[in-house]
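S.K.: I have a structure I would like to understand better, so I am pasting it below and will then ask my questions one at a time.
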Amino acid sequence: MNPKTICKIAIDFFLAVGLLLLMAYELVGQAAHEWIGTGVFLLCIIHLILNWNWIIHLKKGHYTTYRILQTLVTAFIFWSVVGLMISGIILSRHVFSFLSISDGLSFARILHMFCAFWGFVLISIHMGLHSSMLMGVMGSVIHISRASMPQTLFLRTTTLLIATYGIYAFFQRQISSYLFLQNQFVFFDFNEPLAAFIANYLAIMGLFSCIGYYFSKLLRTQDQRQRGKV
C-alpha cells in the first residue's frame, strides 16, 4: 500500500474518532470540544487536499445516479463543515477567544447544532458510500481476496445488530428533533459514562453508514443496468 493511501486511512480514522468526541460536547468539556473541533477542521482540509484529484474531475465524465448522490452528499458535508467552523469561531470562548465576538451568538448556536447533527448523519452516509472501496483496501492489507461464508455471515450479523441498535439509539436520543430544529437545546445526561455515549453514537453512525452502503449498491446496480440497455 502506498504512503498516500495509508495517510488517507489514518486521516479518515481520526476524523471518525474526532466526530464522535465532538458529539459529546458537554461530556468532554467546552475547551476540549473547541480544540478537538479545530483539529477536525484541519483534518478536513488535509482530507480535501488528499482527494483533490476527485474535485478537479467534477466537471468531467458522465454523471450516473450513484455519482450524483455521492457528489450531493459531499457538497452538503462541505457546507456543514463551513457552517460549523464559522459558528464555532463566533461561539468560541477558548481557542478563538482573542477575537472577542459578541454579536450573533444566538443564531450561531442554532447554526452550530443544525450543522453538527446534519454533518454527523451525512458523514456517516458518506462513509457508507465509500465502504466498498475501504473494504477492498483492508482486504488487500490483510491479504483476503474473498471472505468465507462464516466470515461473511458473522460480518452481516454484526452489521445488522449495530444498525438495529442504531435505530433504537436514534429515536431514544431524539436525533430527528435536532436535525429539524424541533428542539434547539441538546440534552446530555451527565451521569452517563462517555464510553456509553460514544457507543450509542457509534451505532447511529453505523446505521447511516449501512444506509449509504446499501444505497450505493442499489444505485450502482441500477446504473449498470442502464449502461447495459444503451
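Just so it is clear, none of the values below were taken in a lab; they were calculated from the coordinates. These numbers come from a predicted model, not from an experiment. Neighbour counts are summed over all protein chains in view; Cβ atoms, including those assigned to glycine, are modelled from backbone coordinates with ideal geometry.
S.K.: Between LEU194 and TYR214, what is the label-to-label distance in nm when each label sits 7 Å out along the Cα-to-Cβ direction?
M.R.: For the pair LEU194/TYR214, the computed spacing is 3.4 nm.
S.K.: Using alpha-carbon pairs under 8 Å, 6+ residues apart, how would you state the relative contact order of region 1-110 in percent?
M.R.: Working: 44 pairs, mean separation 29.0, N = 110.
Here the relative contact order equals 26 percent.
S.K.: In which sequence would ASP223, ASP189 go, from the one with the fewest C-beta neighbours within 10 Å to the one with the most? Walk me through the numbers before you get to the answer.
M.R.: Details: ASP223 15, ASP189 11.
With the sparsest Cβ surroundings first, the list reads ASP189, ASP223.
S.K.: Continuing with this model, one more query. Using 0.36 nm per residue, how much length does the chain from SER97 to LEU48 gain when fully extended, once their Cα-Cα distance is taken away?
M.R.: Working: separation 49, 0.36 × 49 = 17.64 nm, distance 2.70 nm.
Value of the extension gain: 14.9 nm.
S.K.: Let me ask something else. Given R₀ = 25 Å, what would the calculated FRET efficiency be for LEU153 paired with THR64, taking r from the Cβ atoms and rounding to 0.05?
M.R.: Details: r = 31 Å, r/R0 = 1.24.
FRET efficiency, LEU153 to THR64: 0.20.
S.K.: By how many nm would the segment from ALA75 to THR164 grow when fully extended, if each residue of separation counts as 0.36 nm and the alpha-carbon distance is taken off? Let's see the in-between values first.
M.R.: On the way: separation 89, 0.36 × 89 = 32.04 nm, distance 2.82 nm.
Length difference between fully extended and current span is 29.2 nm.
S.K.: Test of understanding: given the chain, find the longest segment containing no trypsin sites (Lys or Arg not before Pro) that are in a DSSP loop and have at most 14 other Cβ atoms within 10 Å.
M.R.: Working: sites that count: LYS59, LYS60, ARG93, ARG146.
That gives 147-230 as the longest site-free run.
S.K.: By how many nm would the segment from ARG225 to VAL28 lengthen if fully extended, with 0.36 nm per residue of separation less the alpha-carbon distance?
M.R.: Details: separation 197, 0.36 × 197 = 70.92 nm, distance 4.85 nm.
Gain on stretching ARG225 to VAL28: 66.1 nm.
S.K.: Here's another thing I want to ask about it. For LEU179 and ASN2, what does the FRET efficiency come to when R0 = 35 Å and r is the distance between their Cβ atoms, rounded to the nearest 0.05? Please report the intermediate quantities before stating the final value.
M.R.: Numbers: r = 38 Å, r/R0 = 1.09.
Between LEU179 and ASN2 the formula returns 0.35.
S.K.: Another question about this same structure. Quick one: helix 105-129 against the long Cα principal axis of the chain, what's the angle to the nearest 10°, folded into 0 to 90?
M.R.: Taking the Cα atoms of the chain, the angle to 105-129 is about 20 degrees.
S.K.: Just one of (i) 1.66; (ii) 1.10; (iii) 1.02 is Cα Rg over 2.2 N^0.38 Å calculated from these coordinates, so which is it?
M.R.: Working out Cα Rg over 2.2 N^0.38 Å from the coordinates points to (ii).
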